[in-house]
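In what follows, a structure is listed as structure tokens, so that the remarks can point back to it.
The values are calculated or read from the model by the stated rules, or taken from the named source; none is laboratory data. In this text, all values refer to a predicted model and were calculated from it rather than measured experimentally. Glycine gets a Cβ as well: all are built from the backbone with ideal geometry, and neighbour counts include every protein chain shown.
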């Protein structure tokens, strides 16, 4: 193996190569600390040409390459296996914004750019990069694209996939595919970039991308609605879309148990209403027009919904601070649940029309199997995406419940399949759900995926053991 | 070959099979009458299962299959070759809307549904299917997706690709891939549907799709601005986007020569202003809110642009009839140019920021090479998409000019490549640009496309001689 290491060192220099065991550690484990790998080395190239040389060397040595960005993924896609034979290819040093074309509404950024820094660069140019998610302060755009990240503005702007116009990719052979086009329309053959987006590094290494930018919103309105049930949330969502169109940037749902966890574990958090209600819907509108338009609009939607009892109570944020406070009630759910101890997570999507029925049916089935368990139901309702998590019964033994993980997954994922949904809405498969997905995809689909993998990566060096 | 025909007859019945030479004719030629093929037979299956049986039979007989929808394509992708050995697989009998899920904002439609009928079905359900193009009265959704159609609302809603959530495809083996998911988020492996969208039938036959629907607009505003140059059009576009955001549904450009052709060949057409100007920009805003908001907004954008001379004059439509009259000035350009005699067409895209410079440089280069020729410059400026057509000099011999087609293409397409553009923005490659594209794509990209083609269609039966 040392011949490979020497070849990599010649390509990336000493600054780009880590082999000391204690320095490898941060790159060898995922963010949730569920997967522990042992890499042969961590390679940190500074340019596309260096990435190409490293991948070519690994291809010739038949050595596995695990691409890694900010290492914030939730499914272990960026963690090497424990064999000590795989290279972690960390892209963080490739962090240049190559170009911002204001009039074309595009930005060309390298894979290692931290998402928040790209949001900032766009704003400095008077534009919006709408991709936004909890990890934005440390996740990197290459990882966002490789996992087709979702986040809080998908309802209006789409997933990461929809924000990409062009890609630069180092192929498993070490060749560079320059597909960095900044075009809204290009019908000259197969849309190759789509293969690499969401492929979790199994088909090549994304080294740079051309991203779409949007006009900056000049006004916002944020509101929380108190709801009797998910069904009422769907009615409100439908009306809000109908009335607000693209102004509706986000529509989130969380249950009262979610709220109670946030209130328990975050002292600064405040309940939005003096009373408590079964569910809450968080709506955000934004508009390129300044002024009160968005506020007036959300008010009229909520007034009508209060009148006919779709909504039990409603609060519109009166300041940016209050808007942020409302968002925290939703955004802190995951962390609050973690403070509560171990739990079983799901990241599912369902056709939006079926969500209320899905929640009712799955809640009932789980409670029959595990009396007393507590559902932590929240998510991006506007996208049909639920983080449908399950905590053990109050006072129960968490370890005993966690041993049921497979059985709980089975109940939830089988229900998802019955409702025509997906068992990974926005987090990907990685190594976490690689086996699970085989139960839910047709043999034809799995074979199509495998045949593409074999074609692009005949030696199987790109992120082995992930996705497929 | 008669064994194959008998097998197909057994699959689709007499109603689904055409072999009489005079009945074959309408299916053997493209809409522009530039390609003349001779099919072995035209097969018109009525179900996905029938399509699968036909494709399987053709795969076993190694017989080429040419998928065809409404046969309105502009690059000959749906026209068989002249060998008499290929099957035209016409999908027009598969024209059922399988489902409209109002709350999920989706519609599941078979490939043979005429686009206008789907727009109508969406509207009947209180929703908008935003795909809209000149051929919508006869083009079919399977063809729209296979060519990733563009049209007049791409600025706001994206190309056909962006409107698809799921697909059903008969693979070149005759197997059926059921990817008819109605999910906004699904990160469970490679996004296979993207392969078939825009592949012009070379990787399989799209038999049905789940399409996104949107809230119905309740108000519109349409305006024409008189402009000194394409550069001024870009300034206006940037301001309109900044002020109007997603309300800006379309932004079209056409030159005064385009207007003169429309006025000459369409008696009903009226010039938008008493005077004439070098260029015109057509803007359309739409909004889910009823009332005057869109009108007020376009007025304020135009007032500011008049004040600082970005715009020389402006007219806002005062009625639906006037809005339609404005649109006709843009939409009739192509037909008006056809009345004028033969011309050389281009369907190109450029990063929007480079369009004014592209037009100036390419106009100059063409006029140096062919003094007196007349540029018919129009298109979807908001998408960076120009239909940059060239008519022979006034009084010149059209046939002589048309012999220069290859040389004119070369000047225009080389300029497109210098500006980082695409030689087929929205019409595809088909058989028309299959050779031309080899000059402009890298060897790596062509080989990636070919390797995918070989993998999915190892016997090369799907639409042979198209795209690749």
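Right, residue A:448: touching a strand residue (DSSP E or B) at 6+ places or on another chain (Cβ under 7 Å), crowded, with 18+ Cβ neighbours inside 10 Å, under 22 Å from residue A:169 (Cβ atoms) and within 11 Å of another protein chain (Cβ to nearest Cβ) or not?
Considered against the rule, which asks whether it is touching a strand residue (DSSP E or B) at 6+ places or on another chain (Cβ under 7 Å), crowded, with 18+ Cβ neighbours inside 10 Å, under 22 Å from residue A:169 (Cβ atoms) and within 11 Å of another protein chain (Cβ to nearest Cβ), residue A:448 comes out as yes.
Report, by residue number, each residue of region A:305-345 that is touching a helix residue (DSSP H, G or I) at 6+ places or on another chain (Cβ under 6 Å), without any contact (Cβ under 8 Å) to a residue 60 or more places away in the chain and surrounded by 15 or more Cβ atoms within 10 Å (Cβ to Cβ).
The answer is A:343, and nothing else.
Does residue B:369 satisfy the criteria of being more than 18 Å from residue B:234 (Cβ to Cβ) and either surrounded by fewer than 14 Cβ atoms within 10 Å (Cβ to Cβ) or free of Cβ contacts under 8 Å to residues at least 24 places away in the same chain (or both)?
Here the answer is yes, as residue B:369 does meet what is asked.
Residues of region A:195-210 being away from chain B (no Cβ under 13 Å) and closer than 23 Å to residue A:424 by Cα, which ones?
A:205, A:206
When you scan region B:393-436, how many residues do you find that are crowded, with 21+ Cβ neighbours inside 10 Å and either at the interface with chain A (Cβ under 8 Å from one of its Cβ atoms) or without any contact (Cβ under 8 Å) to a residue 24 or more places away in the chain (or both)?
10
Could you grab me the full set of residues in region B:178-194 that are at the interface with another protein chain (Cβ under 7 Å from one of its Cβ atoms) and assigned to a loop (DSSP other than H, G, I, E, B)?
B:181, B:182, B:183, B:184, B:185, B:186, B:187, B:188, B:189, B:190, B:191, B:192
Looking only at region B:268-277, how many residues end up being in contact with a helix residue (DSSP H, G or I) (Cβ under 7 Å, 6 or more places away or on another chain) and either buried (at least 24 other Cβ atoms within 10 Å of the Cβ) or within 11 Å of residue B:225 (Cα to Cα) (or both)? Give the steps one after another, and end with the answer.
As a first pass, look at region B:268-277 and keep what is in contact with a helix residue (DSSP H, G or I) (Cβ under 7 Å, 6 or more places away or on another chain): B:269-272, B:276-277.
Next, only the ones that are either buried (at least 24 other Cβ atoms within 10 Å of the Cβ) or within 11 Å of residue B:225 (Cα to Cα) (or both) stay: B:272, B:277.
Residues meeting the conditions: 2.
Determine, yes or no, whether residue A:89 is within 14 Å of another protein chain (Cβ to nearest Cβ), more than 24 Å from residue B:350 (Cα to Cα) and either touching a strand residue (DSSP E or B) at 6+ places or on another chain (Cβ under 8 Å) or without any contact (Cβ under 8 Å) to a residue 24 or more places away in the chain (or both).
Answer is no for this residue.
What single numbered condition from (1) within 26 Å of the chain's Cα centre (by Cα); (2) surrounded by fewer than 19 Cβ atoms within 10 Å (Cβ to Cβ); (3) within 14 Å of chain B (Cβ to nearest Cβ) fails to hold for residue A:290?
(1)
In the set B:263, B:297, B:302, which member is out of contact with any helix residue (DSSP H, G or I) (no Cβ under 8 Å at 6 or more places or on another chain) and surrounded by fewer than 23 Cβ atoms within 10 Å (Cβ to Cβ)?
Among B:263, B:297, B:302, only B:263 is out of contact with any helix residue (DSSP H, G or I) (no Cβ under 8 Å at 6 or more places or on another chain) and surrounded by fewer than 23 Cβ atoms within 10 Å (Cβ to Cβ).
Does region A:151-161 hold any residues that are within 9 Å of chain B (Cβ to nearest Cβ) and either in contact (Cβ under 8 Å) with a residue 24 or more places away in the chain or in contact with a strand residue (DSSP E or B) (Cβ under 8 Å, 6 or more places away or on another chain) (or both), and which are they?
Answer for region A:151-161, where residues must be within 9 Å of chain B (Cβ to nearest Cβ) and either in contact (Cβ under 8 Å) with a residue 24 or more places away in the chain or in contact with a strand residue (DSSP E or B) (Cβ under 8 Å, 6 or more places away or on another chain) (or both): A:154, A:155, A:156, A:159, A:161.
Need the failing condition index for residue B:443 against (1) within 15 Å of residue B:200 (Cβ to Cβ); (2) more than 7 Å from every other protein chain (Cβ to nearest Cβ); (3) free of Cβ contacts under 8 Å to residues at least 24 places away in the same chain, just the number.
Among (1) within 15 Å of residue B:200 (Cβ to Cβ); (2) more than 7 Å from every other protein chain (Cβ to nearest Cβ); (3) free of Cβ contacts under 8 Å to residues at least 24 places away in the same chain, residue B:443 violates only (1).
Looking at this structure, is residue B:189 buried (at least 24 other Cβ atoms within 10 Å of the Cβ) and within 19 Å of the chain's Cα centre (by Cα)?
no
Can you find even one residue in region A:53-61 that is buried (at least 16 other Cβ atoms within 10 Å of the Cβ) and either at pLDDT below 95 or under 23 Å from residue A:136 (Cα atoms) (or both)?
Looking for residues that are buried (at least 16 other Cβ atoms within 10 Å of the Cβ) and either at pLDDT below 95 or under 23 Å from residue A:136 (Cα atoms) (or both), one finds none in region A:53-61, hence no.
Can you find a residue that is over 27 Å from residue B:72 (Cα atoms) and within 11 Å of chain A (Cβ to nearest Cβ) anywhere in region B:455-463?
yes
For region B:163-177, enumerate the residues that are at the interface with chain A (Cβ under 10 Å from one of its Cβ atoms) and touching a strand residue (DSSP E or B) at 6+ places or on another chain (Cβ under 8 Å). Before the answer, list the steps.
Residues of region B:163-177 at the interface with chain A (Cβ under 10 Å from one of its Cβ atoms): B:165-166, B:169, B:171, B:173, B:175-177.
The answer is B:165, B:166, B:169, B:171, B:176, B:177.
Please determine whether any residue of region B:55-72 is within 14 Å of another protein chain (Cβ to nearest Cβ), on the phi < 0 side of the Ramachandran plot, in contact (Cβ under 8 Å) with a residue 40 or more places away in the chain and in contact with a helix residue (DSSP H, G or I) (Cβ under 8 Å, 6 or more places away or on another chain).
No, that holds for no residue.
Are any of the residues in region A:327-341 more than 14 Å from every other protein chain (Cβ to nearest Cβ) and over 27 Å from residue A:273 (Cβ atoms)?
yes
Hey, could you check region A:211-227 for residues that are within 9 Å of another protein chain (Cβ to nearest Cβ) and in contact with a strand residue (DSSP E or B) (Cβ under 6 Å, 6 or more places away or on another chain) and say which is farthest from residue A:293 (Cα to Cα)?
A:214
Please go through region A:184-196 and pick out each residue that is within 19 Å of residue B:436 (Cα to Cα) and out of contact with any helix residue (DSSP H, G or I) (no Cβ under 6 Å at 6 or more places or on another chain).
Of everything in region A:184-196, those that are within 19 Å of residue B:436 (Cα to Cα) and out of contact with any helix residue (DSSP H, G or I) (no Cβ under 6 Å at 6 or more places or on another chain) turn out to be A:186, A:187.
Residue B:286 - would you say it is closer than 30 Å to residue A:241 by Cβ, touching a helix residue (DSSP H, G or I) at 6+ places or on another chain (Cβ under 9 Å) and part of a strand (DSSP E or B)?
Numbers: closer than 30 Å to residue A:241 by Cβ: yes; touching a helix residue (DSSP H, G or I) at 6+ places or on another chain (Cβ under 9 Å): yes; part of a strand (DSSP E or B): yes.
Yes.
Select from region B:126-150 the residues that are closer than 15 Å to residue B:198 by Cα and within 10 Å of another protein chain (Cβ to nearest Cβ) and list them in ascending order.
Listed by number, the residues that qualify are B:147, B:148, B:149, B:150.
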